[in-house]
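K.L.:
Structure in structure tokens, see below.
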């Protein structure tokens, strides 16, 4: 019944929308859009997107960018092999190693907690979640009570 009503409603809305006249843009908007397109067509090549540049300039810029990228890669590779850079990188690398050890320890603790939850009975887990929900409700209730109590004392002092 509801599906039939929805299909009839959909057909009626579709018919009404198709019967509406075509919308036309205001003439001022059309003129502004055409003027903006015309301005973009007459920009110098270097102010247009890279795809609109002359083919020779695009080829030269691509070669230069590839050479720059290769030089940066080669320079960083050579720089990483210098002794001063290696010595300077020892401290940050030790931080990364310490972070990795902490990460692995946290993963081991998380796995142990997960294993403990898997071994615990369903009743125990439900009791834990109920205790958490009760604690949360208690905190919200006491917080609301104390805020209202504080607001009431503030109103009596200001009076």
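Each value in this text was obtained by applying a stated rule to the coordinates, not by laboratory testing. Everything numeric in this text was worked out from a predicted model, so none of it was measured. So basically every Cβ, Gly included, is an ideal-geometry build from the backbone, and we count neighbours across all protein chains shown.
K.L.:
Modelled label-to-label distance, residue 13 and residue 74, 7 Å Cα→beta-carbon offset: nm?
P.N.:
If labels sit at residue 13 and residue 74, their model points lie 6.4 nm apart.
K.L.:
Could you check the simple spin-label distance between residue 55 and residue 129, using points 7 Å along Cα→Cβ, in nm with one decimal?
P.N.:
Roughly 6.7 nm, to one decimal.
K.L.:
Summing -39500 (n - 2.57) over the DSSP H runs of n ≥ 4 in the chain and dividing by its residue number, what mean residue ellipticity at 222 nm do you reach, to the nearest 500 deg cm²/dmol?
P.N.:
-30000 deg cm²/dmol
K.L.:
Between segment 90-155 and segment 45-83, how far is it from one alpha carbon centroid to the other, in angstrom?
P.N.:
51
K.L.:
Which entry is the computed mean projected area of the Cα convex hull in nm² for this structure: [x] 31.4; [y] 9.2; [z] 13.9?
P.N.:
Only one option fits the structure, namely [x].
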